[in-house]
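Here's the structure we're looking at; comments come further down.
Each reported figure results from applying straightforward, stated rules to the coordinates on display, with no laboratory input. All values derive from a computational prediction rather than experimental measurement. Note that each Cβ is placed from the backbone with ideal geometry, even for glycine, and that neighbours are counted across all protein chains shown.
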Amino acid sequence: MDEQDRSYPNSEEVARALRRCWQPVARMEDLADGPGRAILLGEPLAVFLTADGSPAVVSDRCPHRGASLSMGAVVGDSIQCPYHGWEWEGSQGACTRIPSLVDQDQIPSAARIDAYPARERWGLVWTALEDPLGEPPSLACFEGEKWSWGHGTPFELPVDLGVMIENFRDVAHFAFVHRASLGATPELVEPLGVELDGTALTMRREMRPGEGAEEIWDSIEEIIYRVLAPNFTSGHLLTSSGERCVIHAARAISETESAHYWLAGVTDDYEFNLEETVASEERLYAEDRPIVSTVRPPQLPLDPNAAVNTLADRFTLSYRRAFCEFVTGALKPPAGG
Ligand code: FES
Ligand SMILES: [Fe+2]
């Protein structure tokens, strides 16, 4: 296709758009003992909880002599550099104290670091490198007292975030990748009903599980998949006892590498407890990772003609459309600007 006829974004546009996307950089539970480090679109970030427990995200480089702030400690609202102890406030990035100076009024005005917006949602810290779009993702169906939540182990992949989000809700792979865990799941995929609304996608699917599946899922009746493009998805399982879900959120480490966080939820009446549910999801992810890691190219093709598709890929293609929609929205010049 002629570059000029292109109706889908190129990788430079995707990378630029992702700078405005809320992305997870840490689990809250991992910050209890001190700062963490995360790379977002090539930018090393220090992530920490201030003394009152609020998340903060700043550049991981101390501008004094370049040490890594994430190796430092939290002091009140600030992160203290491990090298000479300069303290940097987490919401604006101002230097608040230089221990070697008698007079703190002599802090150079150029002593500043980049600070990024920070939010907590799903037990994760979310940030964006530039002018974020909206708020971090939420879904009304998972609010309320009936749910209990537990995080799984985060992981990284040598492919972009879209490749893994696509795997999460791909239904034709169960019979092959998850044969060991789920038993003989039907290979045939019925026509998929997908609702696409801007960057949001929903698909409801009646499930006919294989023989091993009850031991993992209980007697499952329906799965509802939801995606908020580009980097958030959930699988919601309705069973004969109660409900269960997996929430999956991804971060772009670079254009070809990604980090993934996930948590499982169960309702009080569900057959399996939270621990068993998290453990079974760990097994399923362990089956997906080696396959997804080999996908080439490592960037999700947004050109609908770039791969061979069948009707079973309908949800996949809708996700790619939702991804394009996200990029278009993120790159749109501000109204009146
Ligand atoms: S390098 Fe950070 S205080 Fe000197
Ligand atoms: Fe899978």
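Give me the orientation-averaged projected area of the Cα convex hull of segment 205-295, in nm², one decimal.
6.4 nm²
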Tyr319, Tyr225 arranged by Cβ crowding within 10 Å, fewest neighbours leading | Tyr225, Tyr319
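Percent relative contact order of segment 33-157, based on C-alpha pairs within less than 8 angstrom and at least six residues apart?
Relative contact order comes out at 17 percent.
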Segment 51-84 versus segment 145-166: alpha-carbon centroid distance in Å = 27 Å
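Please list 226-236, 196-206, 169-179 highest first by mean number of surrounding beta-carbon atoms within 10 Å per residue.
226-236, 169-179, 196-206
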Pairwise centroid distance, computed over Cα atoms, of segment 91-141 with segment 12-49, Å = 12 Å
Contact order relative to length for the chain, counting C-alpha pairs under 8 Å separated by 6 or more residues, stands in percent at 18 percent
Please list the radius of gyration and Dmax for the chain, considering alpha-carbon atoms only, with Å as the unit.
-> 21.8, 74
Round to the nearest 10 and give me the degree value, 0 to 90, for the angle of helix 274-292's Cα axis relative to the longest principal axis of the chain.
-> 90 degrees
Amide H neighbours of His173 under 5 Å, counting only residues 5+ apart in sequence or on other chains, H built in-plane at 1.01 Å?
-> none
Compute the long axis of helix 314-331 from its Cα atoms, compare it with the longest principal axis of the Cα atoms of the chain, and write down the angle in degrees, 0 to 90, nearest 10.
-> 30 degrees
So what's segment 156-242 giving for Cα Rg divided by 2.2 N^0.38 Å, two decimals?
-> 1.13
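Return the FRET efficiency for the residue pair Glu206, Ala307: r is the Cβ-Cβ distance, R0 is 30 Å, and the value is rounded to the nearest 0.05.
The pair Glu206/Ala307 has a calculated efficiency of 0.65.
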Under the Karplus curve 6.51 cos²θ - 1.76 cosθ + 1.60, θ = phi - 60°, whole-Hz ³J(HN,Hα) for segment 72-89, x wherever Gly or Pro sits = x, 10, 8, 10, x, 8, 10, 10, 9, 5, x, 8, 10, x, 4, 10, 10, 6
For segment 57-163 (alpha-carbon point model, no solvent) the Debye-based log₁₀ I(q)/I(0) at q = 0.21, 0.23 Å⁻¹ works out to -1.14, -1.25
Cysteines of the chain without any disulfide-compatible partner (other Cys Cβ under 4.7 Å) are Cys21, Cys95, Cys141, Cys245, Cys324
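Expressed in nm to one decimal, what extension gain is obtained for the pair Ile224 and Asp105 from 0.36 nm per residue of sequence separation less their Cα-Cα distance?
37.0 nm is the gain from fully extending Ile224 to Asp105.
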Which semi-axes, in whole Å and largest first, does the equivalent ellipsoid of segment 191-247 have when worked out from the alpha carbon gyration tensor as the square roots of 5 times its eigenvalues?
-> 23, 12, 9
Compute the signed sum of charges (Lys and Arg +1, Asp and Glu -1) over the other residues within less than 12 Å, Cβ to Cβ, of Glu276.
-> -4
Cα-based equivalent ellipsoid, segment 86-242: semi-axes from gyration tensor eigenvalues, Å = 45, 17, 16
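Using 0.36 nm times the number of residues separating Ser240 and Asp30, minus their current alpha carbon distance, what extension gain do you get?
Fully extending the segment from Ser240 to Asp30 adds 72.1 nm.
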Rank these for me by crowding, Asp30, Asp218, going from fewest to most other beta carbons within 10 Å.
-> Asp30, Asp218
Counted neighbours (other Cβ, 10 Å), sorted fewest up, put Ile113, Ile98, Ile291, Ile247 in the order Ile291, Ile98, Ile113, Ile247
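Can you give me the relative contact order of segment 170-222 as a percent, contacts being Cα pairs under 8 Å and 6 or more apart?
On the way: 64 pairs, mean separation 17.7, N = 53.
It rounds to 33 percent for segment 170-222.
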Which value in nm describes the separation of the simple spin-label points at Ala279 and Gln92, placed 7 Å from the Cα toward the beta carbon?
-> 5.1 nm
